[in-house]
Structures are given as structure tokens and as C-alpha cells.
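What follows draws every value from the coordinates through simple rules; no lab data is involved. None of these values were measured; they are calculated from a predicted model. So basically every Cβ, Gly included, is an ideal-geometry build from the backbone, and we count neighbours across all protein chains shown.
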Amino acid sequence: MSRQDALVTADWAEENLDAPGVVFVEVDEDTTAYDGGHIPGAVKIDWKTELQDQVRRDFVDKAGFEKLLSAKGIANDDTVVLYGGNNNWFAAYAYWYFKLYGHQDVKLLDGGRKKWELDGRKLDAAVPSRPGTQYKAQEQDLSIRAFRDEVVDAIGSKNLVDVRSPDEFSGKLLAPAHLPQEQAQRGGHIPSALNVPWSKAANEDGTFKSDAELRELYGTEGLDSSRPTIAYCRIGERSSHTWFALHELLGEGDVKNYDGSWTEYGSLVGVPVETGDGKS
Amino acid sequence: MCGAPEQTADLPAGTDLSKESVLVGKVTNDGSPIGGAFVRLLDSTGEFTAEVVSSATGDYRFFAAPGSWTVRALSRSGNGQADVAVGGPGLFTTEVPVG
């Protein structure tokens, strides 16, 4: 993987809006943003109602993903270009999710909705109609998804990267500062985790920093490239952004996203939790 | 709460201002509210903490810990920022002019 394979610019996107075999998909934290206007021709996937099982805390299964993509008119050989608001948090999450189910050709729009809007590029409220497909998914690629037992075992041995803000890492806050703070779990972080907020990988306009800047960032923060890495946040979306930077842009080999993240770990009975900035 | 909450001048039900520090205000350009601006909460070192999109009436809202904060807005009308000192729980109202 390299930047060229994984990321497209807004200029490229604008030139390929009508290109055959290219499907733009908006996945947003604010699931109503699409309805007010989106990249012309883009379809919407709702991360809450369409990518999550609506009863258990897990993803839709393979058959569910096949049904979803077939209904959206996405074919196995389509180039899927994902974008969204809030610096591509949920678009990066969807990117990781598409990779999990084996979609080969998926890309992220650099800067997402924010850069598109700040550039004054065209938005359209018309909802496209795409003919249905017979989409076939692969079994989940568990080489990119970490579960809780593996995370507990990774304490002190693998790189654990907590990509939440410093106040969430230390335990002062339980959610990002734009969300209410009522939560059941304990505050803090997984012992031995590095705190490298996802935002350090992004510029102000939502685009990713250069490969050189990213390498310097993770090197300075103490990420050991010779060891496997597990990234986590609160619910697994911001850590998808960091997973994307490490695995897709920098080409680091063994990088997993722990989608259970702090809402699971911080609720577990009997696991170690550390508070404070982790530097003392 | 998982998705982005709607930004309004009214606080969501259950907000306890005796415990929480809530930063609110409007993004403005020459006194007129700017909706659709990207409003970023930066900590005392200038590090990003959170981001919301201002409502049609220009309103933003953050839940923060006590400390020194900068609210920075990016918009098609230009960018701007304002500093906020949060000493404890309560409501902190700050206008962010852009241009």
C-alpha cells in the first residue's frame, strides 16, 4: 500500500465524478449531512444503522455487507471513493471496514467533506439511482482487526497507540469535547499505550500530513516499527484514521484497529487501567 | 451519544452546568452569523481537541475541562480565532470573528 493507492485528491475526485466504475460514498459522523448536499452522484452509507448490527455490539455479518453493497449498487470491481465530515473519521472507519470484508479497490478522498466545502466545490442534493448488484464479500480479514484479549496480551509487548485527545487519555474526559460526557466506563488508558492523537496526522483542512511528516511524528512519539501495532480510540473510528496513516500511507506491516476501543476496554472487569499523561 | 450532536444555542437535556464546562458562541463575519464553519477547539499548546460545524445561526458548542482554550473557525469567508479561559464548571460564551 502507498499514498497513491489509498488516497485521492479533491482535484482527482472532481475530474472523475462521472468516470465509469468509480463510486463515491459519503460516510459521515453527522448522518444527515448527506441529505443537505453531497458530492454529485455520491451514495450514502449510514455507519450507525447500516454498518452496525442493530442488536449486538458488532458489525453486520458477511451476508449483511453483501446485501448492503448490492442494494447500494456497488460492484466488486468498482473503485470506491469514501469521504465524510469531521476530518474523514467515519470515512476512514468505512475504508477499514471495506478492507475488512475484502473490497480491493477502495480509496479515501483527502480532506473529505471539509476541504471540498472550503474549496467551494459543487454539492448536490439529488440522490442517485444505481442499479443493484450481486456483491460478494470475503470473510473478515482479522489481520487488521484486534479483539480485547489480544489487546490485554499486547500490554508492554506490542505498540498500543491511543489516538484520543490528551484529556481523554489521562481520564479527565470520557468522550471528545464536542460530545456530552455521560458514560458508564472508567476514564484512563491501557497501560503502556502511547498517546498520539489522530489529529496530529492531519492538517487543519483535514488532509493527511506528508509521509515524511507522519514518519517523523510516530518516530518521535516512540512507535517501534519492528513490533506489531494496535490502535484504539473510543469507538474505533478515530483509530481507523490512524490505522489508515500507518498501514495504508506508511505501509507499516502489522497494524490492527481495536474497534471495541475504550468503550469496551474501560468497561471490562479486572483489566489494568492507567490514568495521567503516561509520561511520568 | 455517538453521532455529531446538532449545534444549537440551547443546551442538550441533562447538561449539568454545576459539573460541566460548556463553551458556546457564534462564528461571525462583520457581525453576521456564519453557518457551516468548521470550528476547532485547541488546547493551551495549540493542539487540536475537537471540531464541530457551526449551525445555520452560527452557533458552536464544546464540552471541555477547565483550562485555557482557543476556538478557531475555518470558513469560506475566512478564518479567525478567540481565546477562552475556563476556570471551572459553567457556561462560557465567546464570539469567534472570521474574515
For the residue pair A:ARG186 and B:THR45, what label-to-label distance in nm results when each label sits 7 Å from Cα along the Cα-to-beta-carbon direction? 2.5 nm
Here the gain from full extension of A:ALA19 to A:ARG215, 0.36 nm per residue of separation minus their alpha-carbon distance, amounts to 67.2 nm
Just to be sure I understand the model, the point goes 7 Å from the Cα along the line to the Cβ. What's the resulting A:ASN203 to A:VAL271 distance in nm? 3.6 nm
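How high is the relative contact order of chain A, in percent, counting Cα pairs under 8 Å that sit 6 or more residues apart?
Result for chain A is 21 percent.
Which FRET efficiency, nearest 0.05, do A:VAL152 and A:ASP58 yield, Cβ-Cβ r, R0 22 Å? Present the calculation step by step, with values, prior to reporting the outcome.
Values: r = 19 Å, r/R0 = 0.86.
For R0 = 22 Å, the calculated efficiency reads 0.70.
If you take each beta carbon of peptide A:117-124 and count the beta carbons of other chains within 10 angstrom, what is the mean? Walk me through the numbers on the way to the answer.
Details: counts 7, 7, 1, 1, 0, 0, 0, 0.
Going residue by residue through A:117-124 and averaging, the value is 2.
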C-alpha long axis of helix A:211-220 to longest principal axis of chain A, angle in °: 20 degrees
Please compute, for peptide A:167-179, the average count of beta-carbon atoms on other protein chains lying within 10 Å of each residue's beta-carbon. 6
Can you give the angle from 0 to 90° between the axis of helix A:62-72 and the longest principal axis of chain A, with both taken from C-alpha atoms, to the nearest 10? 40 degrees
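What does the structure give for B:41-49 when I average, per residue, the other chain Cβ atoms found within 10 Å of the residue Cβ?
Counting other chains' Cβ atoms within 10 Å and averaging over B:41-49 gives 4.
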How far is the Cα center of segment A:184-252 from the Cα center of segment A:77-101, in Å? 17 Å
Label-point separation, A:THR9 to B:ASP30 (7 Å along Cα→Cβ), nm: 3.3 nm
Taking H placed 1.01 Å from N in the peptide plane, check which residues at least 5 places from B:VAL96 or on another chain put their amide H under 5 Å from its amide H. B:LYS26, B:VAL27, B:THR28
What order, most packed first, do the peptides A:126-134, B:81-89 have when packing is the mean number of other Cβ atoms within 10 Å of each residue? B:81-89, A:126-134
